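Novice: The structure that follows is given in the form of structure tokens.
The values are calculated or read from the model by the stated rules, or taken from the named source; none is laboratory data. Nothing here was measured: the structure is a model prediction, and the numbers come from that model. In this analysis, Cβ positions are derived from the backbone assuming ideal geometry, glycine residues included, and neighbour counts consider all displayed protein chains. Heavy atoms of the whole protein, side chains included, go into the accessibility calculation; ligands, DNA and RNA do not. Shrake-Rupley method; radii C 1.70, N 1.55, O 1.52, S 1.80 Å.
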Amino acid sequence: MSEKTPLLHYRLSEASCSEEPAGVLPVPPSRDRGQSAAGPRRGPASTSQPKKLNTFFGVVVPTLLSMFSVVVFLRIGFMVGQCGLYQAIAMYVVAYFIISMTVLSVCAISTNGALDAGGAYYMISRALGPEFGGSIGLMFFLGNVCASALFVLGLVEAIESTFGMPEDGTLPISPHQVLPSGYWWSLLYGTAVALLCLLVCLVGANIYASATFVIFLVVILSLGTVFVSFFSVRPHNVTLPGSAFLPGNTSSPMARFTGFKLDTLLGNLGDGYGVDYTTGRMMNFATVFAVVFNGCTGIMTGSNISGDLKNPSYSIPRGTITAVIFTFIIYNLLMVMAACTCDRVLLQRDYNYLSDINVWHPFVTVGVYCSTLSAAMSSLIGASRILYALAKDHLFGRVLSPAKRTSCGGNPWVAVLLSWFLVQLVLFAGKVNTIAGISTIFFLLVYAAVDLACLALEWASAPNFRPTFRYFTWHTCLLGIMGCAIMMFLINAIYASASIAFMLLLLLLIHYLSPTSSWGYISQALIFHQ
């Protein structure tokens with residue numbers, strides 16, 4: 001040991017004399033424990049904008065709204081109707097196991113020191129190096145773009161369910177059905193919603209946070225009326241929407257809300273996979289899981305806007321864990337109550353059934369509109385912040401250089417515009433369930449990368465990886481990686497393989513084309529450790 005000591009002191013002093021923190025390179029013991037393995041740059045860009053959002057407004061509320069989004073009001077019945085209660089609960093156990101492992105990794109990295117804008121991208125790039133971080137960051141950006149488009153289409157679906165005329169030319173069953181329906185009309189409505197999201201996001205994250213609190217209160221009130229309705233509304237027949245009938249289907253246009261009955265529960269325990277009436281495709285475990293998992297992808301919402309938080313290292317762990325526990329309880333309660341009170345026909349052929357059985361229909365309608373609109377805005381803001389972080393780090397050269405421009409208040413308006421443009425392109429997919437598969441795979445790939453970053457830092461024993469959050473081990477990181485990989489290929493092996501290949505291609509491009517970075521690499525820490 002005595003022979004190696006001088007070399008050790010030399011390397012430590014060499015690392016400490018660099019102009020900027022060198023990623024995961026070891027640092028002297030005298031260094032501030034608040035400095036992360038991914039020490040942020042201390043330039044004017046990172047100090048010009050005050051950070052104003054606290055834990056509740058900056059993390060808990062946006063995360064809850066992003067996780068509820070489309071699923072809580074429009075896809076709980078779809079899941080129970082297709083899979084049955086047993087498989088539905090199993091799906092959520094698997095989904096929440098995966099995101100829980102990732103949340104532990106996020107908490108560990110976020111409490112290791114200061115975080116800058118970019119969230120998951122910032123964590124991964126400063127831990128694994130610019131190539132891996134840049135490629136995963138772009139994948140996470142695309143995932144948020146797809147998620148924003150998915151939530152916009154969820155809002156359009158809810159609008160057409162309430163106000164849209166039947167596409168088959170039959171007479172409307174409600175005087176409120178006055179809007180024309182069809183693919184191009186849906187695209188027009190989606191474009192209008194996306195423009196509304198753009199206008200709000202251009203104002204800035206602080207105004208958005210204030211608006212989301214009002215939306216949060218409305219959504220919680222709507223959920224409260226849903227739970228009351230399960231107990232207070234009497235059994236009755238529900239008229240199914242005209243779009244629920246596929247060509248050649250001569251089934252009855254009525255379904256039954258039975259109230260709490262044992263026979264109804266027994267009939268909904270097992271699976272009963274059928275055709276999704278919005279896409280005309282046959283459902284199975286993997287396709288339903290892809291839709292359902294979008295209700296769990298909001299866990300990174302707080303870290304996406306970490307640059308706008310007062311204290312990211314404090315707010316992200318507490319806010320994210322609170323939101324995850326709350327949503328898990330709500331989802332399971334809704335699934336059990338739906339299985340006990342609604343027959344399978346109602347669950348499979350009326351995705352807006354919560355409105356039809358509510359004590360006052362507009363409550364749920366307003367809740368759907370608010371939750372989906374808020375989730376769409378949250379994903380759009382998250383995507384723009386990731387793109388802004390990528391542009392600031394010059395990983396893609398001049399291609400993303402315009403995205404570095406900000407307003408006087410620090411809002412990256414060019415990144416918001418670019419993100420909105422891509423959301424508009426994704427809207428051409430037309431249906432929620434069509435986008436769900438690729439969006440879920442993007443997020444699973446990012447979650448696996450976050451777990452990998454935390455695992456690499458833990459295995460490397462980097463001296464400057466000292467998170468205050470200690471409820472994680474390398475075992476949780478490894479389980480998270482395995483869970484993400486398995487579910488990616490189970491959902492769609494072709495999409496998963498193509499996503500990984502695209503990520504590797506980006507990795508090579510960044511390695512050969514991007515300028516040299518001073519962050520350091522995990523390989524340097526591993527070599528030092530050995």
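Novice: So with the 1.4 Å probe, I'd like the accessible area per residue for the range 302-423, rounded to whole Å².
Specialist: 33 Å²
Novice: What's the whole-number percent of alpha carbon pairs in the range 270-415 lying beyond 18 angstrom?
Specialist: 71 percent
Novice: Same structure again: Any idea of H394's accessible area? Nearest 10 Å², probe 1.4 Å.
Specialist: For H394, solvent-accessible area is about 80 Å².
Novice: Contour minus end-to-end for H176 and T191, with contour as 0.36 nm per residue of separation and end-to-end as the Cα-Cα distance?
Specialist: Here the answer is 3.2 nm.
Novice: A follow-up question, please. May I ask you to compute the full-extension gain from C408 to S497, defined as 0.36 nm times their residue separation minus their alpha-carbon distance, rounded to one decimal in nm?
Specialist: Details: separation 89, 0.36 × 89 = 32.04 nm, distance 4.22 nm.
Once the chain is fully extended between C408 and S497, it gains 27.8 nm.
Novice: Starting from the amide H of R256, placed 1.01 Å from N in the peptide plane, find each other amide H under 5 Å away whose residue is 5 or more places distant or on another chain.
Specialist: Result for R256 returns V238, D343, L346.
Novice: I've got another one for you. Enter the mean projected area of the convex hull around the alpha-carbon atoms of the range 348-441, in nm², rounded to one decimal.
Specialist: Mean shadow area of the hull around the Cα atoms is 8.6 nm².
Novice: To continue, here is another question. Could you run the Karplus curve 6.51 cos²θ - 1.76 cosθ + 1.60 with θ = phi - 60° over the range 137-152 and give me ³J(HN,Hα) per residue in whole Hz, x for Gly and Pro?
Specialist: Karplus values, whole Hz, x for Gly and Pro: x, 5, 5, 5, 4, 5, x, 5, 4, 4, 5, 4, 5, 4, 5, 4.
Novice: At R0 = 56 Å, how high is the FRET efficiency between R470 and L266 if r is their beta carbon distance? Nearest 0.05 is fine. Numbers along the way, then the final one.
Specialist: Values: r = 45 Å, r/R0 = 0.81.
Efficiency at R0 = 56 Å is approximately 0.80.
Novice: What is the Cα coordinate range of the range 409-456 on the first, second and third principal axes, sorted by size from largest, in whole angstrom?
Specialist: On the principal axes, the range 409-456 reaches 37, 36, 11 Å in Cα extent.
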